[in-house]
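Worksheet: one structure, shown below.
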Amino acid sequence: MSYFIDVILPLPLDKRFTYSVEKQEAEYLKRGMRVAVPFGKSKTYTGVVADIHQNPPDVYEAKPISQILDDNPLITNYQLKFWKWIADYYMCTEGEVLRAALPGAFLLESENIVQLLKKSGPEEYELTDEEYMVVEALQRQSSLKIKEVNQVLEKKKVLPVLNSLVEKNIVALNQEIYEQYKPKKIRFVRLSSEFSGEAAMHKLLDELEKAPKQREIILSFFSLKAQSTKPVKVKTLLKKSNSSASVLKSLLDKGFLEEYYLETDRMSYSGNTAEASLSFSDHQEHALTEIRSHFQKNEVCLLHGITSSGKTEIYIRLIQDVLEKGKQALYLLPEIALTTQLIQRLQNYFGEQVLIYHSKYSMNERVEVYRHVLKEDKKGRVVIGARSAIFLPFSRLGLIVVDEEHEGTFKQFDPAPRYHARDAAVVLANFFKSNIILGSATPSLESYFNAKHNKYALVELNRRYGNVLLPEIEIVDIKVKHKKKLMKGHFSDRLLEEIKAALKEEEQVILFQNRRGFSPILECNTCGHSPQCPNCDVSLTFHHHNNQLRCHYCGYHIAMQQKCMACGSPDITTKGFGTEQIETELKSLFPDHKTGRMDQDTTRGKYGYEKIINAFEQQEIDIMVGTQMLTKGLDFRHVSLVGIMNADNLLNFPDFRAHERSFQLMLQVAGRAGRTKKRGKVLIQSYNPYHQIIQQVSTNDYSGMYKDQLEERHNYKYPPYYRLIRFTLKSRDFSKTNDASEWLAKSLGNIFKENILGPEFPPVARIRNEYYKNILLKIPQQQSLGKTKTVVHKIMSSFRAIGTFRSVKVVINVDPV
Ligand code: ADP
Ligand code: ZN
Ligand code: ZN
């Protein structure tokens with residue numbers, strides 16, 4: 001009898017590969033274990049066992065595996081089923097899903113490079129002889145290729161040894177950079193609560209009659225408190241009272257003053273008690289009851305709750321519900337930026353049960369999280385994660401929360417699998433019969449449509465927590481302001497007035513501009529030339545801080561030009577503006593205030609977000625300029641004013657979702673204002689103040705927007721009425737891209753007729769010297785999705801059989817956003 005296993009390899013292969021195994025191996029192996037297998041002439045890959053059987057493959061001779069890598073399955077049956085669903089639905093291969101689903105460290109392969117993680121000597125670990133030899137070799141030489149490890153150990157099968165070293169956290173793969181950053185902790189002081197009343201305060205001062213230095217500190221403290229509601233920093237207090245740390249220490253020792261760190265103390269600082277759960281408003285309570293009853297009936301729930309209505313607190317209750325049942329909860333967020341704040345909030349409730357999983361984590365950290373979830377130990381009952389967290393090895397999933405469900409970033413763009421984490425999460429929840437809630441202040445048309453058509457249950461929450469009113473929205477017509485010469489740079493007189501007023505009240509300001517850099521176009525006033533990227537069809541963006549012209553698509557950059565590159569004229573102007581320019585203008589308009597910027601350029605590195613968000617929370621920054629990164633779900637307590645610098649470039653974006661998106665973005669960023677106490681204010685600057693969408697934003701008219709946009713979608717055959725599959729063809733050869741797209745569009749058109757659009761060049765038709773062309777397939781509701789995909793697969797294999805098109809890549813994107 002011979003035995004075989006089908007293995008999923010982390011490669012874009014259409015099929016699973018069959019390998020032969022010994023009888024004992026077949027008995028030992030289980031689905032979901034990893035095996036190292038030879039592939040091609042000389043490569044070794046880590047694959048996952050998907051099946052164990054006795055049927056030899058028809059067309060090739062099965063090779064034996066090199067090694068079994070696990071004692072127990074690392075991948076659950078749920079995962080294997082889920083991978084298959086993703087591959088089928090999003091028209092990619094299981095191997096591509098595998099690569100996205102497992103942390104890279106689980107997929108050792110012959111091309112890897114290994115490095116030592118810790119600098120200490122091998123004697124400090126408990127190592128096998130072979131592990132010891134590898135560690136020793138790595139101390140002499142900073143990195144080793146797998147081939148070199150072969151030589152060190154004088155054998156071929158080294159992956160198990162390396163695997164074990166990775167697990168023990170001793171070596172890392174592929175040069176990961178480890179950043180050491182501890183969020184900055186700032187010391188603050190406050191008066192002990194027993195001295196808070198007026199009488200107690202006088203008593204305190206009397207008591208300090210004989211300690212003039214200490215008395216001075218207390219007096220300075222009161223004077224600082226009288227000037228400002230900001231928390232008092234130790235540094236400021238010492239400076240103000242001209243005293244030393246030792247005098248302050250006596251006050252702390254006596255218990256008159258208390259020191260604290262704002263960062264770790266956020267919740268209690270705001271007056272909330274961290275441990276005890278909050279008492280819900282009637283509206284929250286009502287929403288929670290509704291959600292629970294929908295959950296009982298196993299319905300997908302859409303929570304449409306305005307910004308700051310207390311949705312997050314509701315999610316926390318729901319998580320508590322499932323933890324009490326001994327199940328796991330997954331909290332999905334669209335952006336890593338959001339996790340910073342959420343982690344603190346969730347940890348306040350659930351302590352170390354909360355784990356975080358996202359792409360800025362190193363491979364080894366991700367491996368750890370994966371293991372915790374797999375083992376179902378106490379850590380990892382609650383996972384907060386970006387989209388890839390749907391791939392974790394849950395076994396008792398009880399709840400999925402999809403926060404900010406309308407966000408396009410839930411969709412993976414590149415590489416395959418191009419999955420939408422929200423939609424995939426609905427499927428995943430169904431596998432587990434677990435509950436799922438999608439939440440947003442501005443639901444996607446698709447989800448709201450599903451709710452309106454009874455596919456999802458709808459729960460609405462229309463009141464802000466604490467009955468704070470939604471911010472007042474004012475639209476500023478900058479065409480008029482320009483005419484009347486009431487603009488300073490990109491700021492209207494109204495915006496400047498409001499910024500000044502907010503700063504005077506010691507409140508914070510957020511300014512939103514959806515472009516980074518200084519200005520996106522540089523133009524010669526003499527001949528009209530503007531510098532373009534040589535590799536892409538876009539203008540170069542001017543970045544002031546390093547005096548560069550940069551391509552945002554491929555990273556190409558050159559020094560800023562003093563003269564026109566075409567005609568030599570020195571008369572050059574910049575057109576359009578990005579966050580950097582706003583920040584520069586702010587610095588000269590408000591030299592006495594601290595400004596900050598949050599965009600892709602300032603948030604690099606694992607803790608990039610934390611640094612900036614913490615600084616803003618701690619009121620070290622008064623005015624923050626940012627791109628859409630800043631708009632999403634963040635909860636700042638002292639922001640009273642939000643300015644949208646220019647609404648028009650959002651609205652003019654060439655995409656059928658542009659209007660929906662603009663609405664969402666503007667309403668979300670507006671929602672950052674006035675979240676806790678008094679009503680906030682939002683100013684929208686626009687050349688087009690009567691635009692329908694801007695009007696709808698200003699009246700918070702979600703249903704109006706929904707109705708209008710739905711009608712457009714219906715008329716132009718777009719989601720949610722039609723499903724879309726987009727084909728993007730690209731190659732370095734312009735005419736081949738054209739020919740191939742013509743061929744494909746024609747073949748698809750033969751079958752799908754008028755439901756094929758294109759081929760068409762996208763707005764940026766060349767990136768990194770590849771030419772792009774799109775074809776869109778629209779699928780009416782009554783047309784079978786399965787059959788459609790079968791036809792597409794057939795046409796694609798005919799396409800791939802054409803020799804001259806071999807160099808043309810086709811990217812298939814199901815449900816593109
Ligand atoms: P959303 O997620 O809807 O934007 P949040 O859950 O962030 O709203 O709530 C907005 C603010 O109100 C937060 O600062 C939160 O701590 C506070 N909050 C919400 N519900 C309560 C409650 N029941 N008691 C006290 N504070 C609450
Ligand atoms: Zn010129
Ligand atoms: Zn470029």
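Throughout, read-outs are computed from the coordinates displayed, never taken from laboratory work. What you see is a predicted model; the values in this text were computed from it and never measured. Using ideal geometry, Cβ is built from the backbone for each residue, glycine included, and neighbour counts are taken over all protein chains shown.
For this structure, a couple of remarks:
- Region 113-173 - percent relative contact order, Cα under 8 Å, separation 6 or more: 50
- Order of M133, M1 under a 10 Å beta carbon neighbour criterion, fewest first: M1, M133
- Isolated cysteines in the chain, defined as those with no second cysteine Cβ under 4.7 Å, comprise C92, C301, C554.
- By average C-beta atoms within 10 angstrom, highest first, the peptides 284-290, 142-148, 447-453: 447-453, 284-290, 142-148
- Region 587-657 and region 33-72 have Cα centres lying 50 Å from one another.
- Gained length - T526 relative to H482, 0.36 nm times residue gap less alpha-carbon distance: 13.4 nm
- Inter-probe distance in nm under a simple model that places probes 7 Å from Cα toward Cβ, at S42 and K677: 7.0
- The order of M629, M487, M624, going from fewest to most other C-beta atoms within 10 Å of their C-beta, is M487, M629, M624.
- Peptides 566-572, 212-218, ordered by how many other C-beta atoms sit within 10 Å of their residues on average, highest first, read 212-218, 566-572.
- Using a Förster distance of 56 Å, the FRET efficiency for Y132-R806 (Cβ separation, nearest 0.05): 0.70
- Taking the centroid of alpha carbons for each part, region 544-581 and region 671-742 are 30 Å apart.
- Reachable aspartates and glutamates from K753, criterion Cα separation under 16 angstrom, eight or more residues apart if same chain: E742
- Neighbour-count ranking [beta-carbon atoms within 10 angstrom, fewest first] of D599, D414: D414, D599
- Within a straight-line Cα-Cα reach of under 18 Å, K203 can be paired with the following lysines, leaving aside sequence neighbours fewer than 8 residues apart in one chain: K213, K254.
- Phi angles across region 694-699 convert, under the Karplus curve 6.51 cos²θ - 1.76 cosθ + 1.60 with θ = phi - 60°, into 3J(HN,Hα) values of 5, 4, 5, 4, 5, 10 Hz, Gly and Pro given as x.
- Note on K678: lysines with a C-alpha under 22 Å away, same-chain residues under 8 apart excluded, are K225, K230, K311, K500, K504, K632.
- V234-Y28 pseudo-label distance in nm [points 7 Å out on the Cα-to-Cβ vector]: 5.7
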